[in-house]
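The values are calculated or read from the model by the stated rules, or taken from the named source; none is laboratory data. Quick caveat, the model's predicted, so the values are computed rather than measured. Every residue, glycine as well, gets a Cβ built from its backbone with ideal geometry; the counts of neighbours run over all protein chains shown. Areas reflect the complete protein model, heavy atoms only, side chains present, ligands, DNA and RNA absent. Shrake-Rupley method; radii C 1.70, N 1.55, O 1.52, S 1.80 Å.
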Amino acid sequence: MKTKILMVCLGNICRSPLAEGILKSKIISDTVFVDSAGTGAWHAGELPDSRLIEVAEKHQINLKNHRARQFRKQDFKDFDIIYVMDKSNYNNVIAMAETASDKEKVKLIMGESDLPIEEVPDPYYGGEDGFEAVYQMLDNACSNIANKLNNA
Ligand code: 4NP
């Protein structure tokens, strides 16, 4: 059985596609499936933000095949763990949960990191530095997630 992990942010054009790409790059097991989604629909069908694509490329991660999609209730059934980027994402996803088991799947991704940071800030309205900072945070959290999965 595959372990299925969903990364969730607001637009699915910045943080969660990067988290998906970073985690995929660290996973050596073919028993793990990783996807991402946004709680909002504004960017559905779009490529990630061009600033994000550039920062990801610097770190050898290709995000050009990603297309944004909206989080849906079915995702609670299709995924085992739902990592959200911030507390607002958490509240949006929890509001769509129907069972206690749905709610238990939802976790703040930085809870997996070694950093004293609770949330991945939205880089959308900031500068280029914000995207690199987001990369470093997600790289830390995804290293720990991948270590657990690769040793499972
Ligand atoms: P993301 O960033 O949630 O990391 O994909 C955002 C992208 C777009 C918007 C907000 C956040 N937006 O409001 O359009």
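Grab the Cα-Cα distance for LYS148 and GLU57, subtract it from 0.36 nm times how many residues apart they are, and report the gain in nm with one decimal. Mind showing how you got there, number by number?
Numbers: separation 91, 0.36 × 91 = 32.76 nm, distance 2.55 nm.
Contour length minus the Cα-Cα distance gives 30.2 nm.
May I ask for the net charge around LEU47, where only other residues with Cβ less than 14 Å from the Cβ of LEU47 are counted and Lys, Arg are +1 while Asp, Glu are -1?
On the way: positive: ARG51, LYS64, ARG67, ARG69; negative: GLU20, GLU46, ASP49, GLU54, GLU57.
Once all neighbours under 14 Å are counted, the net charge is -1.
What distance in nm separates the two pseudo spin-label positions at ALA95 and LEU115, each 7 Å out from Cα along the beta-carbon direction?
Between ALA95 and LEU115, the simple spin-label model gives 2.7 nm.
So who's got an amide H within less than 5 Å of the one on PHE33, skipping anything under 5 residues away but keeping other chains? H placed 1.01 Å off N, in plane.
Here the answer is THR3, LYS4, ILE5, since their amide H atoms fall under 5 Å of that of PHE33.
At ALA44 and LYS24, where each label point lies 7 Å from the Cα along Cα→Cβ, what is the point-to-point distance in nanometres?
It works out to 2.1 nm between the two label points.
Run the accessible area of the chain with a 1.4 Å probe and give the carbon-and-sulfur part as a rounded percent. Please list the in-between numbers first.
Working: 3770 of 7610 Å².
Answer for the chain is 50 percent, counting heavy atoms of protein chains only.
Rank these by accessible area, largest first, 1.4 Å probe: LEU52, LEU47.
Details: LEU52 0, LEU47 75 Å².
Solvent-accessible surface, decreasing: LEU47, LEU52.
For segment 79-152, state which chymotrypsin sites (Phe, Trp or Tyr not before Pro) are in a DSSP loop and have at most 12 other beta carbons lying within 10 Å of their beta carbon.
Details: sites: PHE79, TYR83, TYR90, TYR124, TYR125, PHE131, TYR135; in loops: PHE79, TYR124, TYR125.
Passing both the DSSP loop test and the Cβ count: TYR125.
Please give the per residue accessible area of the chain, computed with a probe of 1.4 Å over protein heavy atoms only, in Å².
On the way: 7610 Å² over 152 residues.
Normalised by residue count, the accessible surface of the chain is 50 Å².
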